[in-house]
Every structure is written in structure tokens, then in C-alpha cells.
Amino acid sequence: MFCGRPRAVADALLEAMGLENMKLQTLTPSGLSGSAGAAGFSLLEVTVGMGVIGMTAAALFSGFTSGFFNMQMARENLRATQIMLEKTETIRLYNWSQITSNGFIPATFTEAYDPHASGTNHGIVYTGTVSIANVPFTNSYSANMRLITVRVSWRTGELDRSREFSTFVSRDGLQDYIF
């Protein structure tokens, strides 16, 4: 009567207790009841699933590439800022006659991305200019001031990039304060 199958045994017990509507149903992956041999995915379901996985993987790797590029750009910008700050702070330590004399402060310079790297691989080369000009305004103390502009340029792949920083220096600057 039970044929040795647990499913048949369970159905027979439920029928004997008057609970025929509580019989177990077999579900396939598509959610329909049927025999166990009908379980599986159609070719369309597999194709759509692989398309979704492929698009997700492409978006993930695109995000990685974009993130790495943005980090490299931020590092290069930071190094350019460090170079400009170094040049500006060095100029602030010069006295007035050194700043106003022609040729004391070099007009051009080059710096490496990593000057302490071993061998010849120092990374990106930054080229820069330092210009010293009269201030763009006139008043009683404008003859005692200069406008200093430090410009740094470099190349990231095929992209030309540059940063610029300007500051004022006066005759009675840091070195001539009287306390």
C-alpha cells in the first residue's frame, strides 16, 4: 500500500486522519508543482541571469578603474601643491634685496613626483615658473610690495595639468619685524 516511499506514507497518514487537503506538494524552481524531473531553468532565464551578472561585473571593474584614476589625480594635485608651497615659503625667507634683484630667484625649475625614489624612476616631472611682478594696485606702500606667482605644470597621460599660486611679499616682511 505504501510502496516504501516516505512521501506516499505521509500522504496516506494525512488521508487516514481526514486531512486530504494537507498533502505535500512538490515545487520546481519555477514555482509550479510537478514531477522532480521537470526541475531546471530555461535558456532565457540563464541568458538573462548571465547578462545581469556580466553588467554587474563590468560596473564593478569600471568603478575600480575610475577610483584608481581619481586617487592618482588627487596625489598629483597634492604633490603640485607641496611644490608650490615649498617655493613660496623659500621666497618668504629671502630679504628684500634678494627678491628684487634680477636672477637671484630662478625663473624656472623642475621637480620630480618622488625625488627620493631609487634609480631613475622618479615618476611625473613637474615644471614650474616663478614670476615676480609689481603689485596690481597703487597706494602709498605699493612700491614696497611684490606679487609672487608660482606656476606648476605636468602631464597625466594625455592630459595637460597645471596649478598656480600667488602671494604678496613686502619690504618689511618676516625677517624685518621688530619686537
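The values are calculated or read from the model by the stated rules, or taken from the named source; none is laboratory data. All figures in this text were calculated on a predicted structure; none of them were measured in a lab. Cβ: placed from backbone, ideal geometry, glycine included. Neighbour counts: every protein chain shown. Please note that ligands, DNA and RNA were not included when accessible areas were found on the heavy atoms of the full protein model with its side chains. Shrake-Rupley method; radii C 1.70, N 1.55, O 1.52, S 1.80 Å.
Just for segment 151-179: of the residues that are farther than 14 Å from E76 by Cα and β-branched (V, I, T), which one is modelled with the lowest pLDDT?
Selected residue: I178.
Could you check segment 119-150 and list, in sequence order, the residues that are free of Cβ contacts under 8 Å to residues at least 24 places away in the same chain, more than 21 Å from L78 (Cα to Cα) and not aliphatic (A, V, I, L, M)?
Just the residues of segment 119-150 that are free of Cβ contacts under 8 Å to residues at least 24 places away in the same chain, to begin with: 119-123, 129, 133-134, 136-140, 142-143, 147, 149.
If we keep only those that are more than 21 Å from L78 (Cα to Cα) too, we end up with 119-120, 133-134, 136-140, 142-143, 147.
Once the filter is applied, which keeps residues that are free of Cβ contacts under 8 Å to residues at least 24 places away in the same chain, more than 21 Å from L78 (Cα to Cα) and not aliphatic (A, V, I, L, M), segment 119-150 yields G119, T120, N134, P136, F137, T138, N139, S140, S142.
Report whether or not A107 is modelled with pLDDT of 90 or more and exposed (fewer than 13 other Cβ atoms within 10 Å of the Cβ).
Values: modelled with pLDDT of 90 or more: yes; exposed (fewer than 13 other Cβ atoms within 10 Å of the Cβ): yes.
Spelling it out, A107 is indeed modelled with pLDDT of 90 or more and exposed (fewer than 13 other Cβ atoms within 10 Å of the Cβ).
Please specify each residue of segment 42-96 satisfying the condition of being within 24 Å of R151 (Cβ to Cβ) and of a type in the set (G, A, S).
Of everything in segment 42-96, those that are within 24 Å of R151 (Cβ to Cβ) and of a type in the set (G, A, S) turn out to be A74, A80.
Take segment 137-170 and flag every residue that is among the small types (G, A, S) and not in a strand (DSSP E or B).
Applying the first criterion (among the small types (G, A, S)) to segment 137-170 yields 140, 142-143, 153, 157, 162, 166, 170.
Of everything in segment 137-170, those that are among the small types (G, A, S) and not in a strand (DSSP E or B) turn out to be S140, S142, A143, G157.
Can you list residue pairs whose Cβ atoms sit under 9 Å apart, with the first residue in segment 41-61 being of a type in the set (D, E, K, R) and the second being open to solvent by 60 Å² or more (accessible area, probe 1.4 Å)? Count only pairs 6 or more apart in sequence or on different chains.
Between residues of segment 41-61 that are of a type in the set (D, E, K, R) and residues that are open to solvent by 60 Å² or more (accessible area, probe 1.4 Å), the close pairs are E45/P29; E45/S30.
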